[in-house]
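Undergrad: Have a look at this one before I ask anything.
The values are calculated or read from the model by the stated rules, or taken from the named source; none is laboratory data. In this text, all values refer to a predicted model and were calculated from it rather than measured experimentally. Virtual Cβ from ideal backbone geometry, glycine too; neighbours counted across all protein chains shown.
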Amino acid sequence: MNSIKLLLVSVFGPFGVRDDYAEGNGMQMELLNNQITRQQGVHSPRQSYWSFPLYLLAENVSVPATVLDFPTWEEFTRELEKGYTHVGITFIVPNVLKARRMAEHIRSKHPEIKIILGGFGTMVPALETVVPHDGVCDGEGVEWLRRYFGEDPSAPIVHPAIIGPAYEYIYGAKTPTKGSILLTGVGCNNACEFCATSFKFGKEYVPFMSTGAQVFDACLKSEKELGSRGFTIIDENFLKKPQRARELLTQLEAQEKAYVFDIFSSAEVITDVGIDFLVRLGIHMIWIGVESRANTHAKLRDIDIGKLIAQLQENGISVITSGILFLDHHDQATIREDIEWIIGLGSDMTQFMNYTPFPCTALYARLAGEGRLKDIHYRFHHGAGELNWNHPYIVDPKEQANLLKEAFRRKYEVSGPGILNMAITAIRGYAKAEANRTRREAESLVWNPESLRYEKSDHAADDAFMRQRIRRLQKIALNLRPILLPALLFAPNKASRMKAWNAMRLYGKVLGSAGPGVILKGLFLVFTGFMEQVKLWFRRASGYEDIVLQPPSRRVEYRIPRLG
Ligand code: B12
Ligand code: SF4
């Protein structure tokens with residue numbers, strides 16, 4: 001096995017540009033602008049995420065490996081000239097034609113190279129007839145790849161230090177990307193009918209880190225290597241293992257590290273652990289699937305979701321809700337009622353997504369059984385355009401695409417820019433945390449890690465960890481303060497302008513008047529935001545919805561022997 005040389009690669013760019021291989025709208029390589037703050041124009045933060053599984057896989061096999069992330073076609077084909085024995089391609093269903101072009105090129109120009117496929121794209125039925133390959137990993141990849149190369153599949157998993165976004169712009173201004181990614185596990189055992197991530201991993205949760213100490217060590221590694229103190233945890237339901245989260249808090253307190261975390265969570269788990277715990281742990285943003293008012297999924301039963309969201313925000317935790325459009329019961333009226341209901345929950349931001357049956361989910365099987373799957377190519381299965389199944393009431397593909405766009409527009413008009421909402425949540429959370437801490441100290445309430453509550457104690461002491469955490473909350477609010485000026489000046493309507501104005505007053509009340517630094521930064525963002533706005537006007541005048549940005553490509557070598 002000594003001569004093995006592995007290339008791990010994502011599909012080639014450009015992304016979000018309609019061509020022979022993939023779609024444009026809905027396929028941009030950006031989370032916010034593509035799926036969350038769509039339609040928010042200059043207010044939409046722009047950031048693109050690296051292809052995380054590649055780094056995790058490369059770090060956890062012993063063979064020499066190279067990661068090539070977001071290559072252009074030319075970069076990919078040039079890289080193949082460097083003498084690889086194996087190429088592993090990660091792809092998702094709507095990128096299947098890109099994977100096919102890459103695999104066919106390898107077969108014709110480098111027939112000696114073995115092709116391995118992995119990622120959500122492997123759900124494509126009869127994959128062998130679509131993308132030529134020699135090996136396919138249908139589920140968890142670290143164990144699979146280790147077995148493939150004859151290594152110990154149960155060796156401990158080494159977590160890579162992965163910087164989060166490949167780039168980040170706010171109001172057109174480039175900002176440093178310091179946040180890191182934590183991959184704590186894949187899959188989920190809730191098995192909601194439509195959920196690709198649950199079915200892909202056999203309706204099971206597969207942890208990469210079982211203890212809080214492991215999560216903490218991964219944070220520490222990222223802080224040392226990348227300077228990160230904020231982490232996005234890619235895990236469908238991080239809190240579903242409450243013991244791991246409790247241990248993480250114990251570590252943070254013991255090591256005096258006030259890291260902050262963005263997580264995905266189902267509502268029932270949030271109510272189980274309680275908001276005081278989340279604030280103490282440093283949860284900065286939570287993504288909650290609310291799906292629809294007529295929700296039948298177990299995860300939302302008996303929970304007043306609007307109240308829960310408001311409580312989280314009051315305590316400085318920004319909330320992204322995700323809603324599903326085109327459920328079976330939706331007609332032209334009820335779909336709009338649902339959109340209004342989701343917007344009415346008042347989250348900072350919302351992701352709207354079409355109900356999309358991906359092969360291997362229970363939804364796909366049901367609709368196939370009912371003869372309702374449409375024969376449209378997988379490249380269109382991205383959840384942001386025409387439905388890939390026959391909806392009982394809303395059948396016009398144009399109307400389907402427009403309803404989704406309209407939902408984002410409504411969210412923007414009603415709630416204002418997401419970034420403004422985050423700034424408001426941040427300052428409210430800071431003020432409340434500080435007031436709560438002062439009150440608790442006066443009332444001799446101390447944190448009980450067993451009950452996850454603050455309780456009366458005879459030996460009340462200064463809560464040094466919470467003081468440190470509150471300084472961090474203050475810093476987050478301070479960092480966001482300069483966006484208030486462009487949020488005010490570019491506001492889409494009167495309600496948004498008032499919201500931005502009131503936010504400025506709140507910041508003034510809590511932190512004092514804005515100093516020259518904040519004003520200068522705000523003016524700079526107004527300038528860069530205006531330049532961005534002009535570009536957007538031109539772009540829209542040419543018939544496009546938005547400016548599409550491309551992530552840079554990146555090449556990282558692992559264990560490649562060096563000469564000399
Ligand atoms: C981060 C992310 C993104 C990033 C992109 C990152 C990138 N560089 O591609 C952003 C936000 C830009 C994005 C965009 C989109 N995404 Co996305 N995204 C995710 C997310 C949240 C996490 C993926 C991840 O890194 N997971 C962690 C890693 C460790 O897990 P993993 O990818 O499954 O990898 C494991 C195995 O699959 C396997 N494996 C993976 N690759 C390989 C390769 C080899 C060789 C081997 C052996 C094994 C292997 O090993 C890994 C370890 O076990 C997932 C949802 C989720 N929770 O997984 C959706 C998800 C992958 N996205 C999805 C979709 C549909 C999209 C979009 C079309 C928008 C949309 N409608 O959601 C766009 C498309 C953009 C484009 N042009 O490609 C779907 C894919 C569905 C499908 N069946 O194909 C998912 C599953 C969300 C969902 N539930 O619907 N996305
Ligand atoms: S709770 Fe979320 S991640 Fe789990 S199965 Fe349901 S939709 Fe998927």
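Undergrad: What pairs can you find where one residue is in the stretch 133-145 and closer than 20 Å to residue 205 by Cα and not assigned by TED's automatic domain parsing to the domain that holds residue 183, the other is outside any loop (DSSP other than H, G, I, E, B) and within 16 Å of ligand 2 (Cβ to nearest atom), and their Cβ atoms are less than 6 Å apart, with a gap of 6+ or different chains?
TA: 140/206
Undergrad: On to the next question. Does residue 47 satisfy the condition of being more than 24 Å from residue 126 (Cβ to Cβ) and surrounded by 24 or more Cβ atoms within 10 Å (Cβ to Cβ)?
TA: no
Undergrad: To continue, here is another question. Give the residues of the stretch 414-459 that are within 27 Å of residue 247 (Cα to Cα), small (Gly, Ala, Ser) and either assigned by TED's automatic domain parsing to the domain that holds residue 275 or without any contact (Cβ under 8 Å) to a residue 60 or more places away in the chain (or both), sorted by residue number.
TA: Result: 435, 444, 451, 457.
Undergrad: Taking the condition of being within 13 Å of ligand 1 (Cβ to nearest atom) and in a helix (DSSP H, G or I), how many residues in the stretch 119-153 meet it?
TA: Residues in the stretch 119-153 being within 13 Å of ligand 1 (Cβ to nearest atom) and in a helix (DSSP H, G or I): 13 in total.
Undergrad: Okay, moving on. Restricting attention to the stretch 225-256, which residues are surrounded by fewer than 18 Cβ atoms within 10 Å (Cβ to Cβ) and without any contact (Cβ under 8 Å) to a residue 40 or more places away in the chain?
TA: 242, 243, 254, 255
Undergrad: Looking for whichever is under 30 Å from residue 434 (Cα atoms), out of contact with any strand residue (DSSP E or B) (no Cβ under 8 Å at 6 or more places or on another chain) and crowded, with 16+ Cβ neighbours inside 10 Å here; the options are 484, 525. Which one fits? Step through it out loud before you land on a result.
TA: Numbers: 525 fails: out of contact with any strand residue (DSSP E or B) (no Cβ under 8 Å at 6 or more places or on another chain).
Of the residues listed, the single one that is under 30 Å from residue 434 (Cα atoms), out of contact with any strand residue (DSSP E or B) (no Cβ under 8 Å at 6 or more places or on another chain) and crowded, with 16+ Cβ neighbours inside 10 Å is 484.
Undergrad: Further question on the same structure: Filter the stretch 147-171 down to residues that are acidic (Asp, Glu) and in contact (Cβ under 8 Å) with a residue 60 or more places away in the chain and give me whichever is farthest from residue 212 (Cα to Cα).
TA: Pass one, the stretch 147-171, residues acidic (Asp, Glu): 151-152, 168.
Next, only the ones that are in contact (Cβ under 8 Å) with a residue 60 or more places away in the chain stay: 151, 168.
Details: 151: 27, 168: 29 Å.
By that ranking, first place goes to 168.
Undergrad: Does the stretch 131-156 hold any residues that are of a type in the set (Val, Ile, Thr) and out of contact with any helix residue (DSSP H, G or I) (no Cβ under 6 Å at 6 or more places or on another chain), and which are they? Lay out the reasoning, then the answer.
TA: Narrowing the stretch 131-156 to residues of a type in the set (Val, Ile, Thr): 131, 136, 142.
Passing the criteria: only 142.
Undergrad: If you don't mind, another one. Among the residues of the stretch 14-29, is any in a helix (DSSP H, G or I) and not small (Gly, Ala, Ser)?
TA: Narrowing the stretch 14-29 to residues in a helix (DSSP H, G or I): none.
Looking for residues that are in a helix (DSSP H, G or I) and not small (Gly, Ala, Ser), one finds none in the stretch 14-29, hence no.
Undergrad: What about residue 419, is it in contact with a His (Cβ under 7 Å, 6 or more places away or on another chain) and either within 24 Å of residue 314 (Cα to Cα) or part of a helix (DSSP H, G or I) (or both)?
TA: Working: in contact with a His (Cβ under 7 Å, 6 or more places away or on another chain): yes; either within 24 Å of residue 314 (Cα to Cα) or part of a helix (DSSP H, G or I) (or both): yes.
Answer is yes for this residue.
Every residue, every condition in (1) crowded, with 22+ Cβ neighbours inside 10 Å; (2) of a type in the set (A, V, I, L, M); (3) more than 16 Å from ligand 2 (Cβ to nearest atom), yes or no:
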{"site": "58", "(1), (2), (3)": "yes, yes, yes"}
{"site": "74", "(1), (2), (3)": "no, no, yes"}
{"site": "83", "(1), (2), (3)": "no, no, yes"}
{"site": "97", "(1), (2), (3)": "no, yes, yes"}
{"site": "123", "(1), (2), (3)": "no, yes, no"}
{"site": "129", "(1), (2), (3)": "no, no, yes"}
{"site": "132", "(1), (2), (3)": "no, no, yes"}
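Undergrad: Name the residue that is modelled with the lowest pLDDT, counting only residues in the stretch 271-303 that are near ligand 2 (Cβ under 9 Å from one of its atoms) and surrounded by 20 or more Cβ atoms within 10 Å (Cβ to Cβ).
TA: Here is the first cut: in the stretch 271-303, the ones near ligand 2 (Cβ under 9 Å from one of its atoms) are 289, 291, 297-299.
Keeping just the survivors that are surrounded by 20 or more Cβ atoms within 10 Å (Cβ to Cβ) gives 289, 291.
Details: 289: 92, 291: 85.
The residue in question is 291.
Undergrad: Scan the stretch 349-389 for residues that are within 16 Å of ligand 2 (Cβ to nearest atom), crowded, with 19+ Cβ neighbours inside 10 Å and over 26 Å from the mean Cα position of the chain (by Cα) and jot them down.
TA: none
Undergrad: Can you pull out the residues in the stretch 144-169 that are more than 22 Å from residue 116 (Cα to Cα), in contact with a Lys or Arg (Cβ under 9 Å, 6 or more places away or on another chain) and surrounded by fewer than 22 Cβ atoms within 10 Å (Cβ to Cβ)?
TA: Those that are more than 22 Å from residue 116 (Cα to Cα), in contact with a Lys or Arg (Cβ under 9 Å, 6 or more places away or on another chain) and surrounded by fewer than 22 Cβ atoms within 10 Å (Cβ to Cβ): 161, 163, 166, 167, 168, 169.
Undergrad: Moving on. Of a type in the set (Gly, Ala, Ser), over 21 Å from residue 179 (Cβ atoms) and not assigned by TED's automatic domain parsing to the domain that holds residue 427: which single residue out of 258, 254 fits that description?
TA: Working: 258 fails: over 21 Å from residue 179 (Cβ atoms).
Only one candidate qualifies: 254.
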